[in-house]
Amino acid sequence: MKLLIAIVSNDDSHAVVSALTSARYSVTKLATTGGFLRAGNTTLLVGTEDEKVQECIDIIGKDSCRRTEMVPATASFDVGRYTSYPVEVQVGGATIFVLNVEQFVKL
Ligand code: 2BA
């Protein structure tokens with residue numbers, strides 16, 4: 001058995017958890033904070049059989065792949081005058097650790 005620890009963005013977490021539970025994986029969702037950006041992210045714990053690890057990674061990747069999005073940014077170009085323009089930002093992505101589980105007990 002393996003334990004997957006997957007760190008995903010908060011924006012993607014709902015879709016990833018829904019996809020995993022629909023595929024009958026058990027998931028625990030933790031509210032976490034990245035050490036570098038000090039911003040909130042989501043850590044998912046998924047315990048599963050060895051042969052299902054790749055499918056689980058594929059499901060997580062489907063809803064959290066790294067992508068570029070256009071977001072509106074605002075710049076001031078004169079006293080009291082502002083303009084809005086789109087900028088490209090990178091969002092999403094997942095960091096996944098796969099650990100061996102020595103023992104799995106449900107009481
Ligand atoms: P990612 O590498 O995609 O990492 C996203 C989040 O995943 C991280 O948030 C952290 O919470 C977790 N994570 C990634 N690798 C990990 C690891 N080896 N061990 C434990 N947790 C891990 P943040 O720490 O806020 O980092 C956000 C983004 O900033 C990173 O995206 C990376 O692109 C960049 N970054 C992180 N640390 C950096 C550093 N020391 N120097 C430069 N850029 C850094």
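Nothing in this text is a laboratory measurement; each read-out follows from the coordinates by a stated rule. Computed from a prediction, not measured in an experiment: that's the story for all the values here.
Once backbone amide H atoms are built at 1.01 Å from N, residue 41 has 32, 33, 34 as its partners under 5 Å, excluding neighbours fewer than 5 places away on the same chain. Scaled to the globular estimate 2.2 N^0.38 Å, the Cα spread of the chain, given as radius of gyration, is 1.41.
The long axis of helix 10-22 is offset from the longest Cα principal axis of the chain by roughly 30 degrees. Within the range 33-107, DSSP assigns beta bridges of which about 100% are antiparallel (rounded to the nearest 5). Dividing the summed -39500 (n - 2.57) terms of all DSSP H runs of n ≥ 4 by the residue count of the chain sets its mean residue ellipticity at 222 nm at -7500 deg cm²/dmol.
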